[in-house]
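*Asks:* This is the structure, below, for whatever I ask next.
Values quoted throughout were computed directly from the atomic coordinates according to the rules given, and no laboratory measurement underlies them. No experiment lies behind these values; they were computed from the predicted model shown. Cβ placement follows ideal geometry from the backbone for every residue including glycine, while neighbour counts extend to all protein chains displayed.
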Amino acid sequence: VWEMLQLWEKLKEKKIRNLISVIFLSFPIFFVDLFSKLKIISIFKNGDIEKIYINQFLDFILVFNTGISYGLFSGGGSFQKWILIIISLGIIIFLLNFVKNESSFTTRVSISFIIGGALGNVFDRFFYGAVVDFISLHAKGFSWYIFNVADMFIVFGVILFLLSHLLQSGTKLENWNA
């Protein structure tokens, strides 16, 4: 019984360490996103500037997106804002619970990226009623949707998570077949 209690304590400590490390890694992402948005808002606040040309592929354009990705479901009002905040917070809580049992460092980093980005967008919805987007990529007449630093971290985190799990699955299959 004593050994089982010691094992339980070690597992509990590991879960807490995993959780703390993910939260710790999420905050720099949140703050980089926050400061980038505050800077863009301060540049565009007087309305004198519509667009900042960076190069032939990149402009900065201030957009307040009340919808979700690609501006879908825009204009839903206050009710939609709170629904999107609740859904986002639910996803963050789910990921925090998931990561407690995760042994892979890469998976914990990827989830930190997703949570940090999600917190940045939740912050925007809470304080501005919309997500602050400003990065506009385009080439030869094709324009991608306008996004922000939080979105980049969310996408990179999802890709890293998927690649990590695909590689882990491939390794497990190789070991199983050997």
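*Asks:* Of the peptides 85-94, 115-124, 144-153, how do they stack up when ordered by the mean number of other Cβ atoms within 10 Å, highest first?
*Replies:* Result, highest mean Cβ count within 10 Å first: 115-124, 144-153, 85-94.
*Asks:* Using a Förster radius of 41 Å, what is the FRET efficiency between Ile49 and Glu3 based on their Cβ-Cβ separation? Nearest 0.05, please.
*Replies:* Calculated value: 0.05.
*Asks:* Taking 7 Å along the Cα-to-C-beta vector as the label spot, tell me the Leu19-Ser169 distance in nanometres, rounded to one decimal.
*Replies:* Here the answer is 2.9 nm between the modelled labels.
*Asks:* How much of the pair distance distribution for region 99-157 lies past 17 Å, counting alpha-carbon pairs only, in percent?
*Replies:* Cα-Cα pairs in region 99-157 separated by more than 17 Å: 50 percent.
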